[in-house]
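Sharing a structure with you now.
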Amino acid sequence: MMNEALPSPFRLIAYETIGSTNDEAKRLAREGAAEGLIIRAERQTSGRGRRGRNWMSPPGNLYFSLLLRPNCRAATAAQLGFVAALGVAGAIDGLAPEISLRCKWPNDLLANGKKISGILLETEMAAGDKPDFVILGVGLNLASSPRDTPYPATSLAEEGAPGIGPAETLAGFAKHFVDWLTIWREDGFALIREAWLAMAMGLGEPIQVRLERDTLEGRFLDLDDDGALLLGLPGSSRRIAAGEIFPAMAG
Ligand code: BTN
């Protein structure tokens, strides 16, 4: 276990190796840890992605989980994934401004069109409709990226920005995230949604949405207040709460 400084309100516990930073953050949250705790690891042996996938976690990339205790409805807490995506975008832009960044629904980031970061948001409920806590787990490829992924992946090094380390990247995230979180707390989702949509991949364009069992094709119309994607279909529209988007096949 190592310790490195982060600005208030963050408190960092850093590990060389851990199973999953999300699992450790969740364990400490259940024991009553306060909001602002960040668990970071140099490598994970059981890193988890969305939709039950593994998140390959060799040394050199950034892996961390942040504990929040928002005072809102569970559906509203999903907005925090977009707040976090803007924090990650700010960190990347500060370190490698030459890279073209896009937000990919729901909470991924693309660098020059390839996935560079993913976010795993996990919520545990208290009584009623209030989350007890939310864990925001962030993976950001700095030195390397996996092959054979559903969406092509990349890293800062592969996009021409080598030598950027996890600790400085996390510090950049903390700085930007805190600003977006303040906006979210004081003004709600409107500005977050606007900033995210301004960077969104495929907005207004034909996209393919892969659901658990189905694949849909339509136009990416909008993002609603719970962070769901609105997909335009011939004569109707459909609200998509969870899935994976791709540019629609040509032809
Ligand atoms: C995705 O599928 O795109 C989300 C990936 C989230 C990976 C991060 S790495 C740090 C944290 N710990 C985990 O086990 N997963 C998240």
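The values are calculated or read from the model by the stated rules, or taken from the named source; none is laboratory data. No experiment lies behind these values; they were computed from the predicted model shown. Neighbour counts are summed over all protein chains in view; Cβ atoms, including those assigned to glycine, are modelled from backbone coordinates with ideal geometry. Accessible surface areas use protein heavy atoms only, side chains included; no ligands, DNA or RNA. Shrake-Rupley method; radii C 1.70, N 1.55, O 1.52, S 1.80 Å.
Please specify each residue of the range 184-213 satisfying the condition of being assigned to a helix (DSSP H, G or I), out of contact with any strand residue (DSSP E or B) (no Cβ under 8 Å at 6 or more places or on another chain) and crowded, with 16+ Cβ neighbours inside 10 Å.
Those that are assigned to a helix (DSSP H, G or I), out of contact with any strand residue (DSSP E or B) (no Cβ under 8 Å at 6 or more places or on another chain) and crowded, with 16+ Cβ neighbours inside 10 Å: Trp184, Ile192, Ala195.
While we're here: Going through the range 56-109 one residue at a time, which ones are among the basic types (Lys, Arg) and open to solvent by 10 Å² or more (accessible area, probe 1.4 Å)?
Scanning the range 56-109 gives Arg69, Arg73, Arg102.
Of all residues in the range 235-247 being in contact (Cβ under 8 Å) with a residue 12 or more places away in the chain and open to solvent by 30 Å² or more (accessible area, probe 1.4 Å), which is farthest from Ala84 (Cα to Cα)?
Ser237
Which of the residues spanning the range 47-105 are among the small types (Gly, Ala, Ser), in contact with a helix residue (DSSP H, G or I) (Cβ under 7 Å, 6 or more places away or on another chain) and more than 12 Å from the ligand (Cβ to nearest atom)?
Within the range 47-105, Gly87, Gly90, Ala91, Gly94 qualify.
For the range 20-46: of the residues being exposed (fewer than 14 other Cβ atoms within 10 Å of the Cβ) and within 12 Å of the ligand (Cβ to nearest atom), which is farthest from Ile119 (Cα to Cα)?
Looking at residues that are exposed (fewer than 14 other Cβ atoms within 10 Å of the Cβ) and within 12 Å of the ligand (Cβ to nearest atom), I get Thr45.
Of all residues in the range 29-88 being of a type in the set (Lys, Arg) and part of a loop (DSSP other than H, G, I, E, B), which is farthest from Ser8 (Cα to Cα)?
Here the residue is Arg53.
Name, by its number, the condition in (1) out of contact with any Asp or Glu (no Cβ under 7 Å at 6 or more places or on another chain); (2) within 16 Å of the ligand (Cβ to nearest atom) that does not hold for Arg11.
In the conditions (1) out of contact with any Asp or Glu (no Cβ under 7 Å at 6 or more places or on another chain); (2) within 16 Å of the ligand (Cβ to nearest atom), Arg11 misses (2) alone.
Another question, if that's okay. Which of the following residues is β-branched (Val, Ile, Thr) and either assigned to a loop (DSSP other than H, G, I, E, B) or without any contact (Cβ under 8 Å) to a residue 12 or more places away in the chain (or both): Ile99, Ile92, Ile119?
One residue alone meets the criteria, Ile99.
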